[in-house]
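Visitor: Before anything else, here's the structure in question.
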């Protein structure tokens, strides 16, 4: 608690120091170019790899990146893939950020969907755009990459919709302060930000004195009186519930960096804990008090029963989106709910703005430790999935995911395509929810945004980040339809030497959509690719860097998973897993039926939410 | 002249009839769903192929497309490629439009760059987006594909920056009128438009009576008094110049459909004609009075001399962008210039708003026919490029383009990557400018927008359109760096059975950028792909549908070009043309040097323009 407070005070001091330094004349003798100032800040934030595509308006800056001693330039095949990679990098390299560099207009606009996804899913990404020089910004000639009508601000206006804050650098006098402002926003709110950097400013000299003061996540202090009142209210509810309570963790536990505080709470209080899909792996899934994934009406029956019967639910970092809640089918009354968020708290029907969970949770732990003995006795279903004995050799989803679970190791980074139930050809995110992942493993998925093809770009960033921070293997599950969207990024993986294992679920088309609508429709078909030749095309003609496999039966796959060389992930590997067109995981089938009804084409059901 | 006027009057009548029909109660007994109303309008506009990617919010509409008797659904690998394809389709299928269908958020945003490119380059494209149902639009639940903060209008706001007009259909009562409004804008201004169609409206019934009145390009009539004054001014300038005049054609001649009027003018008056890069093929390049490409300071000397020495230049449909003008190096004083545009006219320093060239040119022809005898005697340099005799077997740009010119046939559709000098790995657009193309051939390039990878998606749309309208072969020139951005679209070409010839200039990276900046920089390197295995991966394992070749010498390539089977384009074919890393066409080298100076990193030159 004391630590939290002093950290917040220190942040306030830093902020003031920066302001003072802005207000003082910039007379420091130490000079630095704007380009290198930005790189110095990124270095301080722990960025060691940057993504993007070269373009004439960013080449001068890329010279600085290439010459930088600790930051590595990862060129991507296209900008959307680069945005996905920056997103994956930021998700794995916690407390750092992802960076994508593009060029004016053509480049930056290609990244739009990736940046919007980072906004939606709360991933801290800097989108840096090289733009025409400051004189050109003023005279607005009809340059290539413009709309031809003199609107030089159209791209910034679009970026405003999908980034938390923007700095259009035009003046060397406020360039450093502007860079600092948006980078602090980026790390504080965990959302993408946008900087446009004119070609001539890259090499313009400014004072470097501000760099002595590090950027910090400057979370505001909770008001002590309100916080104390809220704590009292929460404790009272625990008393009334006689400790019959449980914790439900979700995405913002990870995104807003309260995993440590939460795990301390769980261990000291002993309450059972469950996770929403976006909160999976926030708490170790082998933790004895962990009961698995709650997904409203489509939860496993034993989980649904326990969660919905509890007298009190402490919800931590919830994101109540359709696919994170079994299509709004939570059956937990608001009266029994306490919601902790990064910037506010809700106790039953009452909202408390500006009371954030980072400082609140440790205090709550102190107040609730006394429940430990009783809370530890509350029963929690074991979250295990037996591998079913099926007579048929065909690989089914029922069999695949429990089997796969035995292959995962601690520290593995697992990426699944994608979060959504409808737009993606892949069914992997549904399957993975039903099995427990090892301790310290990391699961990446895009449950809210759900953009097809995201997982492939994201895998590149995740693999590089995992290598940098000493995590283990990176493993992707993706469908054939999804992989086609962003497939070229596999060639970048070959070039930079990362070695993910890619399980390609080949089910001949957009299976997820078939479940919603159009089971026999042609628009859900795609052409079948010769996947095993992929790496030959992408730069590894003789298999020095890669291996590919096709498995058709349970035995094939089991043998491969048990193969030590395969499991060691010493090369990039692609496993084509042949499955039936209309097979799908349990949760997908249930969700898709709900979803098909909601979208429709027919009636519209009204959502049921916690709050 | 009379025809033009009555066409404009008829357009006005149609517009009024539509308004009357809107105002009348929609009591017609004929009913049609909103989805089918839209398809009926597209059918009337000559659309027979539509591009896009299925997603849960557009599936209901795609059912209607799949069931439509004359409109064919072309599913793309991703949305950016689909936007490029719609752009290529519209460029080739003149007087029709391109259509791309995407899904809410994730899908539509991926297409942003492609749509913005169509805006910049004035290509009529409809971007149709399937969005959540009207009740969901009102209640704004936290659906997948949303930003998670309830902003359901963020995507529309972004689209507003890059489309000429937008219709967010929410009410069946104005759905038909809204559809008509944006489609008329699309065909009139030749820019992209945006329609968002909620899932429930797709099948909502409305009156079909409006469909009886066709949509027309409703160009406003030139004010007769102003027009007559302008004609007088122009004729006076021709008199003063004693007929020492020439015509310079540019992009809007094609985009705003005045090719016929212009060619009639040229034939009846006999004036010499030159083209800007974006106007190439607007006038038959074998026309005896055609002198080639004018590109300011980097024109061929004999062209530069003739154009800049003329006493009067009649500029038709000019787009004065950097790369269309040799980096603003035109040396033609405004005093000697008449500019005709789709919606205004400039005579020397005077601007005449609302005097459009479609109606003006035929009148000008009448007034200037008397110059024919003398104008026909004005010398025009022959626009031919001899194939140079080079001792070395290596394929050079100096040799390649004149050699290639002998391979082209009338009605070929030639696509070059890309319009720009900087962001693209391909040098093809520079090379092609220096050679004359056959009559009725069509050249597609993106000189103003210049997005890398555009040509590949565009090729798909162009190939389908060429097949529909009875044009000949489609031929692409693309660099290895560029092809990597959008490569998966080749698999769609296999699926739909188009048979383009793809010349892949393999020069190991971003050559164009090397000329600007960073000749030896790593960020300009890309990994070398095994191009000859590409079609195996993309769905043609045994070469039934495709052939690939690698050529390393002039002889290799010449033999291939002379091969009758190859030239017949009976399968999709890819020719990897190995060239030196630092070889480039003449114009590229010159332009890149200009451009490197302008962007810089160092000084900024001030543009010189005509007007």
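The values are calculated or read from the model by the stated rules, or taken from the named source; none is laboratory data. Remember, it's a predicted structure, so these values are computed and weren't measured experimentally. Cβ sites come from the backbone with ideal geometry, for glycine too, and all protein chains shown count toward neighbours.
Visitor: Return the residues of region A:106-118 that are touching a strand residue (DSSP E or B) at 6+ places or on another chain (Cβ under 7 Å) and either more than 9 Å from chain B (Cβ to nearest Cβ) or over 18 Å from residue A:454 (Cα atoms) (or both); say none if nothing qualifies.
Guide: Listed by number, the list holds a single entry, A:118.
Visitor: Let me ask something additional. Sort through B:172, B:160 and tell me the only one that's surrounded by fewer than 19 Cβ atoms within 10 Å (Cβ to Cβ) and within 29 Å of residue A:148 (Cα to Cα).
Guide: After applying the criteria, what remains is B:160.
Visitor: Starting from residues that are free of Cβ contacts under 8 Å to residues at least 40 places away in the same chain and away from every other protein chain (no Cβ under 14 Å), keep the ones in region B:538-555 and report whichever is farthest from residue B:392 (Cα to Cα).
Guide: Initially, region B:538-555 is screened for residues free of Cβ contacts under 8 Å to residues at least 40 places away in the same chain, giving B:541-544, B:547-550.
Subsequent filtering for residues that are away from every other protein chain (no Cβ under 14 Å) retains B:547, B:549.
Working: B:547: 28, B:549: 21 Å.
By that ranking, first place goes to B:547.
Visitor: Out of curiosity, is residue A:453 over 15 Å from residue A:499 (Cα atoms), within 14 Å of chain B (Cβ to nearest Cβ) and out of contact with any strand residue (DSSP E or B) (no Cβ under 6 Å at 6 or more places or on another chain)?
Guide: Yes: the conditions hold for residue A:453.
Visitor: Modelled with pLDDT under 95 and either in the same structural domain as residue A:198 (by TED's automatic domain parsing) or outside any helix (DSSP H, G or I) (or both): which single residue out of A:46, A:28, A:35, A:107 fits that description?
Guide: A:28
Visitor: Now for a different question. Can you tell me which residues in region A:180-194 are more than 14 Å from chain B (Cβ to nearest Cβ) and crowded, with 24+ Cβ neighbours inside 10 Å?
Guide: Within region A:180-194, A:186, A:193 meet the criteria.
Visitor: Could you count how many residues in region A:156-171 are assigned to a loop (DSSP other than H, G, I, E, B), free of Cβ contacts under 8 Å to residues at least 60 places away in the same chain and more than 9 Å from chain B (Cβ to nearest Cβ)?
Guide: 4
Visitor: Report the residue count in region B:208-247 for those that are surrounded by fewer than 17 Cβ atoms within 10 Å (Cβ to Cβ), part of a helix (DSSP H, G or I) and out of contact with any helix residue (DSSP H, G or I) (no Cβ under 7 Å at 6 or more places or on another chain).
Guide: Total satisfying the criteria: 11.
Visitor: Separate question: Looking at the structure I just gave you, is residue B:99 more than 14 Å from every other protein chain (Cβ to nearest Cβ), in contact with a strand residue (DSSP E or B) (Cβ under 6 Å, 6 or more places away or on another chain) and part of a loop (DSSP other than H, G, I, E, B)?
Guide: no
Visitor: Does at least one position in region A:314-325 carry a residue that is at positive phi and not assigned by TED's automatic domain parsing to the domain that holds residue A:431? Step through it out loud before you land on a result.
Guide: As a first pass, look at region A:314-325 and keep what is at positive phi: A:317.
Those left that are additionally not assigned by TED's automatic domain parsing to the domain that holds residue A:431: A:317.
The answer is yes, given that some residue of region A:314-325 is at positive phi and not assigned by TED's automatic domain parsing to the domain that holds residue A:431.
Visitor: What number of residues within region A:109-142 are within 20 Å of residue B:322 (Cα to Cα) and in contact (Cβ under 8 Å) with a residue 12 or more places away in the chain?
Guide: Of the residues in region A:109-142, 9 are within 20 Å of residue B:322 (Cα to Cα) and in contact (Cβ under 8 Å) with a residue 12 or more places away in the chain.
Visitor: So, one more: I'd like the full set of residues that are facing another protein chain (nearest Cβ under 7 Å) and either at pLDDT below 70 or in a loop (DSSP other than H, G, I, E, B) (or both), limited to region A:500-525.
Guide: A:510, A:513, A:516, A:517, A:518, A:521
Visitor: Identify all residues within region A:53-68 that are more than 9 Å from every other protein chain (Cβ to nearest Cβ) and within 19 Å of residue A:97 (Cβ to Cβ); write none if there are none.
Guide: Listed by number, the residues that qualify are A:58, A:61, A:64, A:68.
Visitor: Can you name every residue in region A:456-482 that is modelled with pLDDT under 95, within 24 Å of residue A:407 (Cα to Cα) and out of contact with any helix residue (DSSP H, G or I) (no Cβ under 6 Å at 6 or more places or on another chain)?
Guide: Once the filter is applied, which keeps residues that are modelled with pLDDT under 95, within 24 Å of residue A:407 (Cα to Cα) and out of contact with any helix residue (DSSP H, G or I) (no Cβ under 6 Å at 6 or more places or on another chain), region A:456-482 yields A:479, A:480, A:482.
Visitor: Looking only at region A:342-363, which residues are part of a loop (DSSP other than H, G, I, E, B) and more than 19 Å from residue A:7 (Cα to Cα)? Lay out the reasoning, then the answer.
Guide: Pass one, region A:342-363, residues part of a loop (DSSP other than H, G, I, E, B): A:342-343, A:348-349, A:354-356.
Correct list: A:348, A:349.
Visitor: Out of B:143, B:169, report the one residue that is on the phi < 0 side of the Ramachandran plot, modelled with pLDDT under 95 and in the same structural domain as residue B:35 (by TED's automatic domain parsing). Show your work before the answer.
Guide: Details: B:169 fails: modelled with pLDDT under 95.
Being on the phi < 0 side of the Ramachandran plot, modelled with pLDDT under 95 and in the same structural domain as residue B:35 (by TED's automatic domain parsing) holds for just one of B:143, B:169, which is B:143.
Visitor: Something else about it: Limited to region B:369-380, what total is found for residues that are touching a strand residue (DSSP E or B) at 6+ places or on another chain (Cβ under 9 Å) and part of a helix (DSSP H, G or I)?
Guide: Residues in region B:369-380 being touching a strand residue (DSSP E or B) at 6+ places or on another chain (Cβ under 9 Å) and part of a helix (DSSP H, G or I): 2 in total.
Visitor: To continue, here is another question. Residue A:81 - would you say it is within 7 Å of chain B (Cβ to nearest Cβ), surrounded by 24 or more Cβ atoms within 10 Å (Cβ to Cβ) and either in a strand (DSSP E or B) or in contact (Cβ under 8 Å) with a residue 60 or more places away in the chain (or both)?
Guide: Details: within 7 Å of chain B (Cβ to nearest Cβ): no; surrounded by 24 or more Cβ atoms within 10 Å (Cβ to Cβ): yes; either in a strand (DSSP E or B) or in contact (Cβ under 8 Å) with a residue 60 or more places away in the chain (or both): yes.
No, not satisfied.
Visitor: What are the residues in region B:39-52 that are away from chain A (no Cβ under 13 Å), in contact (Cβ under 8 Å) with a residue 40 or more places away in the chain and at negative phi, if any?
Guide: Passing the criteria: B:40, B:41, B:42, B:44, B:45, B:47, B:48, B:49.
Here's the yes/no breakdown for (1) at the interface with chain B (Cβ under 7 Å from one of its Cβ atoms); (2) under 24 Å from the mean Cα position of the chain (by Cα); (3) crowded, with 24+ Cβ neighbours inside 10 Å:
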site	(1), (2), (3)
A:90	no, yes, yes
A:104	no, no, yes
A:120	yes, yes, yes
A:129	no, yes, yes
A:134	no, no, no
A:141	yes, no, no
A:148	yes, no, no
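Visitor: Also, I was wondering about something else. Mind checking which residues of region A:550-589 are loosely packed, with under 14 Cβ neighbours inside 10 Å and modelled with pLDDT of 95 or more?
Guide: If the condition is that a residue be loosely packed, with under 14 Cβ neighbours inside 10 Å and modelled with pLDDT of 95 or more, then A:553, A:555, A:559, A:562, A:563, A:564, A:565, A:568, A:570 are the ones that fit.
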